[in-house]
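Before any comments, here is the structure.
The values are calculated or read from the model by the stated rules, or taken from the named source; none is laboratory data. The model shown is predicted, which means the values in this text are computed figures rather than measured ones. Cβ sites come from the backbone with ideal geometry, for glycine too, and all protein chains shown count toward neighbours.
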């Protein structure tokens, strides 16, 4: 709701994202994120935004009824709390997704190492006089060579990522 209101009011005032960003002393990407609902302005910035758009904060937050100042501050704080909770849920979901991505990378690397160990480098015994076998053997050898040298680094990074995202999920 807030994101749609910012965009609609900005457009109705004939301002571009860049012009509004200059008025608020922020980068254009900040305005874009607000309008896409990826982030929200904090309470101070919300007040500056309402002044720049010459619109009451209650209108920005979707309130159409004129209330007393104490009531409107309470409504604003409640709406900001809801928005902050939604952003926290998105962040938690993103961290959970990263956690499982890191776990998957670890599992895939372990599986490929197991397959390479089980195959025991069969390309060494191939007949390289056949051009197709030679090309496939060279490609397989290149894959194995690159994998054996890069996989441990990627595995360590993934394990660190698992621990970091797991720690953040507990808090």
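Filter the stretch 101-140 for residues that are in contact with a helix residue (DSSP H, G or I) (Cβ under 9 Å, 6 or more places away or on another chain) and at pLDDT 85 or above and give the result.
Those that are in contact with a helix residue (DSSP H, G or I) (Cβ under 9 Å, 6 or more places away or on another chain) and at pLDDT 85 or above: 101, 102, 103, 104, 105, 106, 109, 110, 112.
Any chance you could count how many residues in the stretch 152-163 are surrounded by 14 or more Cβ atoms within 10 Å (Cβ to Cβ) and at pLDDT below 90?
Number of matching residues: 2.
Mind checking which residues of the stretch 15-56 are assigned to a loop (DSSP other than H, G, I, E, B) and surrounded by fewer than 19 Cβ atoms within 10 Å (Cβ to Cβ)?
Of everything in the stretch 15-56, those that are assigned to a loop (DSSP other than H, G, I, E, B) and surrounded by fewer than 19 Cβ atoms within 10 Å (Cβ to Cβ) turn out to be 15, 16, 25, 26, 27, 37, 38, 39, 42, 54, 55, 56.
When only residues in the stretch 57-93 that are farther than 17 Å from residue 33 by Cα and not in a helix (DSSP H, G or I) count, which is modelled with the lowest pLDDT?
Selected residue: 65.
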